[in-house]
Amino acid sequence: MTWLPTLLKKLRLIAHRVRVWPFLGRSAFSLALLIMILLATQGHHLDHPPEVVGYDIQSGKLVAQQGVQPAGPILKTVSLMLPYLDIWILVGGAVYLFVLLRRWGNPPKLVFPTWAAALSVAAWAISSDIAHQLGAMQMTELGEPLAMTAYWIKMVMIYLACICVPLLVHYYVRCGALERYTMRTFLAPLVFCFVAFCSLWIIMDLLDNLKEFQEANSGLGRVVKFYFSVVPFIFVSVMPASLLLAVLYTLTKMSRANEIVAMLSAGRSVIQILQPIFVVVITVAMMSLAANYHWAPRAEGNREAVMRALGAKQKDSIMASSVLYNDPITHRIWYVSTLPFSLRGERLRGVQVREMDKHGKLSHVIHADSAMWWPSGLWRFYDGKEVDYSDGKPTSVRPFSKDAEGRLSLDVQDFEETPWGMVSYALQPDYMGVPEIVSYLKAHPKDPKERLAPFYTHYYQRFALPWQSFALALVAAPLGIAYSRRGAVGGIAGSIFIFFGILFLNNLCLNLGKGGHVPPWLSPWIPHLIFGVLGVLLLHYRSQNKDLPRLSLSMFSKRKAQISRPRNAQTVS
């Protein structure tokens, strides 16, 4: 191991030269732009066309598949830009990491690169989403009609999530020295708590599901990919607790060191001292809002579906099992053994389609081991056979023909049924994003209120839940500030009761809204309003240099009047 110290020394020398070499960051950025210009002149988008759902790309032009409308200007622009954005994310990401290494510790020099990186990621993410979901027949991957307004708000949420970090860096550069110190003091425990809670969540979930992963012979790569896909849900779930503990720890530490008293003596108010903390809290709440709009509930739903598939020893995810659907218009009866959570690369398993004639008698049946559906309306059945019937008796049996890849398959274009139509009656709003909930409400406007109440409640809960972090921070800030030396046990104990209290109220109010006992638009906001008002009241006490009110059992009981006696009174005999 004598070579290891020498290698580490050389790496430190290279890192030092990278940090001090003049104009190296600008040179790397210019080189990345030169690479993109060279790719454009060579027609990179012609050699590596992107995948646009519902369209074939021929000579750089979008050719609509059967049943799909011609591409509009947005799709044409996306198909032209997306190949270059894919390369730019790789090249530009390496350049940004290089600049981050050089400029770490010099925030003013990181503002422009961070904005450029955030806008590049936003453009790439929005373009990729448009290419995969906006293309064919204005339908999503399961076939529900796309709610256009909710979809474009989803694009805004992607942009919002991407610019939160550069906005925070910009604020850090523009604020004063005391605000920077408070923000640095707060960010360190926040990152630590978030990483700790995320690790704890993953470890506990892995311990629960380790047996299923082992029985399915899942490799390390698949397990890592599985938990990486659940990151939006983990972020929304653990961030409130992380913010609560980070606020308490930061303010308790500053109080014990008399730093808050010193800031007050310098003429700053309590609100001005807490301003950097609340800026971070609002930024995190906006990121949670973007994640909870679509990705967090979908990630949790996909997690549950994958675990069902692992338990059933099946390759694809399982959203629903033993689906029986009778189309009232076409009078076709569908039976699907398992329906996946997503149709991107996954199939319906154990499919049987029974067609009736005009007299209601069985005329044709399709048996298939699996099937796939595309938004263009194409059904493709794999590894099965067709059976014709006459007077209830089979007359002919035809196996599927082989396709160009040598697989037994059958393509059907005139089936109007969609996977979403088969399973929509059994959908639960817990795992649906806002666009899916809006699509469901548009498709079922005449359902009874009792049936639609859970969907409306979860619709408003998608916007209310991210602000739980702000309500908790409002309550935790007064508990962490103290003008005298005291232990941190009281504030931490109070925070534990507050956190479990808001969790209890969240579940209680959500169920009240789903049951129709409270208006759906109000039920998700009740816990935030209660704790928000409590936090504002406690913060007012702290800003007025008053002690926080204390709850004790003695205040609920009446004291009996007692005659005070002198301490040295003599007993009269």
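Here, each number is a calculation from the coordinates, and none is a lab measurement. Values in this document were obtained by computation on a predicted structure and should not be read as measured data. Heads up, the Cβs are rebuilt from the backbone with ideal geometry, glycines too, and the neighbour counts pull from every protein chain shown.
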For Ser269, Ser317, Ser218, ascending order of other Cβ atoms within 10 Å (fewest first) is Ser269, Ser218, Ser317
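For Arg12 and Tyr159 in the same chain, what is the full-extension length gain: residue separation times 0.36 nm, less their Cα-Cα distance, in nm?
Taking Arg12 through Tyr159 to full extension adds about 49.2 nm, to one decimal.
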Quick note on Met372, Met422, ordering by fewest other C-beta atoms within 10 Å, gives Met372, Met422
So, relative contact order of the chain in percent, Cα under 8 Å, 6 or more apart, is 13 percent
Karplus ³J(HN,Hα) for segment 220-234 (6.51 cos²θ - 1.76 cosθ + 1.60, θ = phi - 60°; Hz, whole; x = Gly/Pro) runs 4, x, 5, 5, 5, 5, 4, 6, 5, 6, 9, 4, x, 5, 4
Label model pair Asp327, His517: point-to-point distance (7 angstrom along the Cα→beta-carbon line) in nm is 4.3 nm
Taking the alpha-carbon centre of each part, the distance from segment 248-304 to segment 421-463 in Å is 32 Å
So for R0 = 51 Å, FRET eff. of His359-Lys313 from the Cβ-Cβ r, to 0.05, ends up at 0.75
Output ordering of 327-338, 305-316, 354-365 (per-residue mean of other Cβ within 10 Å, highest first) is 305-316, 327-338, 354-365
For Lys442, counting only lysines whose alpha-carbon sits under 23 Å away and dropping same-chain residues fewer than eight positions off, the answer is Lys154, Lys514
Taking the dipole of segment 429-548 about the Cα centre (Lys, Arg +1; Asp, Glu -1; charges at Cβ), the one of Gly516, Ala443, Ile502 that reaches farthest to the positive side is Ile502
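Once you have a ≥ b ≥ c as the square roots of the Cα gyration tensor eigenvalues for segment 318-419, tell me rounded if a/c is under 1.5, and otherwise prolate or oblate according to whether a/b is larger than b/c.
In terms of gyration-tensor shape, oblate.
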Lys61 and Phe192 label points (each 7 Å along its Cα→Cβ direction) are spaced in nm at 6.3 nm
For the chain, the longest principal axis of the Cα atoms and the Cα long axis of helix 270-293 enclose an angle in degrees, to the nearest 10, of 10 degrees
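What does the extension gain come out to for Ile203 and Ser229, with contour length at 0.36 nm per residue minus their alpha carbon separation?
7.8 nm
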Once phi for every residue in segment 372-387 is put through the Karplus expression 6.51 cos²θ - 1.76 cosθ + 1.60 (θ = phi - 60°), the whole-Hz ³J(HN,Hα) values, with Gly and Pro written as x, are 10, 10, 10, x, 6, x, 7, 9, 10, 9, 10, 6, x, 7, 10, 10
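For the pair Leu46 and Asp369, what calculated FRET efficiency results from E = 1/(1 + (r/R0)^6), where r is the Cβ-Cβ distance and R0 = 41 Å, to the nearest 0.05?
Values: r = 38 Å, r/R0 = 0.93.
In this case the efficiency is close to 0.60.
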With the 8 Å Cα cutoff and a minimum separation of six or more residues, segment 429-548 has a relative contact order in percent of 35 percent
Row for the chain, column shape: gyration tensor on C-alpha, a ≥ b ≥ c, rounded if a/c < 1.5 i.e. under 1.5, prolate if a/b over b/c, else oblate; value oblate
Between the Cα axis of helix 177-215 and the main Cα principal axis of the chain, the angle (0 to 90°, nearest 10) is 50 degrees
Dividing the surface of the Cα convex hull of segment 93-227 by four yields a projected area in nm² of 12.1 nm²
Rounded to the nearest 10 degrees, the helix 148-174 long axis (Cα) sits at an angle to the longest Cα principal axis of the chain of 40 degrees
Once Thr77 and Ala262 are pulled to full extension, the length gained, defined as 0.36 nm per residue separation minus their Cα-Cα distance, is 60.9 nm
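Below 8 Å between Cα atoms, with a sequence gap of 6+, how large is the relative contact order for segment 318-419 in percent?
18 percent
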Expected sort for 92-101, 396-405 on mean C-beta neighbours within 10 Å, highest first, is 92-101, 396-405
Counted neighbours (other Cβ, 10 Å), sorted fewest up, put Asp391, Asp411 in the order Asp391, Asp411
For Lys358, the aspartates and glutamates lying under 13 Å Cα to Cα, once residues fewer than eight places off in the same chain are dropped, come out as Asp391
Computed about the Cα centre, the charge dipole of the chain from +1 Lys/Arg and -1 Asp/Glu charges at the Cβ has a magnitude in debye, to the nearest 20, of 3480 debye
Given 168-175, 38-45, the highest-first ranking by average Cβ count within 10 Å works out to 168-175, 38-45
